[in-house]
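The values are calculated or read from the model by the stated rules, or taken from the named source; none is laboratory data. The structure presented is a predicted model; accordingly, all values stated were derived computationally and were not measured. Cβ: placed from backbone, ideal geometry, glycine included. Neighbour counts: every protein chain shown. Areas reflect the complete protein model, heavy atoms only, side chains present, ligands, DNA and RNA absent. Shrake-Rupley method; radii C 1.70, N 1.55, O 1.52, S 1.80 Å.
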Amino acid sequence: MGQWNIAERRQYVRYEVELSVIAQKPFGNSTITAASHDISEKGIGLVLDHMLAQGDIIDICAVMPDNNEQIKAQGKIVWGNDIGPGRFRVGV
């Protein structure tokens, strides 16, 4: 039986974490409701209701479920996939 020889490209461990997230393009007036899919030391995977373009810069505000603390950051969309009707997954 053959062996799969797949190189792991990830540099950091990903943790599956589901948080409510609000994303917005800097200087934009519309917000994008999202949820986190996973988080690593270097980035965050988001599930959105519409696609953002690779290279887009976004402001992110993640809300902690236990105390509603807000964690804010800015990031760049590095990849994106259509995962179903009106659902998109992006890496920031």
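Annotations for the structure displayed:
- For the stretch 20-37, the set of residues classified as open to solvent by less than 50 Å² (accessible area, probe 1.4 Å) and closer than 17 Å to Asp82 by Cα consists of Ile32, Ala34, Ala35, Ser36, listed by residue number.
- Failed item in (1) of a type outside the set (Phe, Trp, Tyr); (2) closer than 15 Å to Ile22 by Cα; (3) free of Cβ contacts under 8 Å to residues at least 12 places away in the same chain, with Ile57 passing the rest: (3)
- When residues of the stretch 59-92 are limited to those that are among the basic types (Lys, Arg) and over 18 Å from Gln24 (Cβ atoms), the one least open to solvent (accessible area, probe 1.4 Å): Arg89
- Top-ranked residue in the stretch 39-58 [being within 15 Å of Gln11 (Cα to Cα) and either within 12 Å of the chain's Cα centre (by Cα) or at pLDDT 95 or above (or both); ranked as most open to solvent (accessible area, probe 1.4 Å)]: Lys42
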